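Data block below; observations after.
The values are calculated or read from the model by the stated rules, or taken from the named source; none is laboratory data. Values in this document were obtained by computation on a predicted structure and should not be read as measured data. Note that each Cβ is placed from the backbone with ideal geometry, even for glycine, and that neighbours are counted across all protein chains shown.
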Amino acid sequence: MGNIKNTLRPAPGLIEVAPAKMAQVAELQDATLAAQDADDVATAYIGLGHIEAATFFLYVGDAVVLAAYEKVKKSKGWQHIRNPQSSYGKNFESLDEFCRVKLGKSYNRIQAIAANRRFIGQEAFEQAERIGLRQVDYNALKALPAPKQEIVREALAEGASKEEVQRALRELAAADQKEIAALTKERDDLRAEAATTQEVLDKKNQRIDKLEREKGRIARLPPDKALAATKTEAENLLKEAIGLLRGNFRQALVVLSGLRESIFMAGMVGQVQAELVALRDEFSLADVVGDGTPEWQRWDAAQGDGQDN
């Protein structure tokens, strides 16, 4: 039998490292690297071996890149690997530089991938990678409320397809927008109502301030002028009350009448009438007579006729 050469084979389960890479490891060892440094470099190259095997398919999955990155980062072996793009044969000077050249992604991008995995969990992340979810899909998922995020996570864990996940994201986002629009309208309505209430309060306060000023002014007048001023103010108040009854209050009754709320209307009118009766009783006032002209107006007119004579 001829001589049989022993052929070294990698241990089962390990990916064979390219001969050129092993030569570089040997070169680094010959350059008086410490034994620990050599182990770190070997670990880094094993991680790169995973990448090189995957690039055979012209596409490196984010999960594969992330696994290789974490192994290389932990070992710190990237510091002892030469940058093939360096004209002076320098080693990589930063982890970002290593990631861009060897992993094909920036350090920030790999960090974003790691954040995606933490966000949806390992099981859902693996399915998301298998079906090819993009960063825009992750961003859409992060924009949803927590309960809706959980729906998508469960769908991924159960093996949902890319189309199913993207359709779910669109539908959940649309429903979320409707809810946001409804809440926004409710908020705006409350603000408008509050503004209207504040406007009414401001006018009321202005009216009270005006009455207080008038009261003080009248108190400083001679008796005859004070009486005239008081009567004028009372007439103005009466005009405002009548205007309110004939205007806004009557308009409210018109609307209620169209809605057939006659009992409610009768109660409101009865309340106004009760207030007037209470005032008449409090001050022992006579009721209107004759053609409906109030007694005070008749008396006032009579005083005017006497002055003319």
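Structure above, values below:
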quantity: Number of the exception - residue 167 against (1) over 24 Å from residue 73 (Cβ atoms); (2) touching a helix residue (DSSP H, G or I) at 6+ places or on another chain (Cβ under 9 Å); calculated: (2)
quantity: Condition met for residue 126 (out of contact with any Cys (no Cβ under 8 Å at 6 or more places or on another chain), surrounded by fewer than 12 Cβ atoms within 10 Å (Cβ to Cβ) and not assigned by TED's automatic domain parsing to the domain that holds residue 72); calculated: no
quantity: Subset tally (residues that are without any contact (Cβ under 8 Å) to a residue 40 or more places away in the chain, surrounded by 11 or more Cβ atoms within 10 Å (Cβ to Cβ) and over 13 Å from residue 210 (Cβ atoms)) for region 223-239; calculated: 10
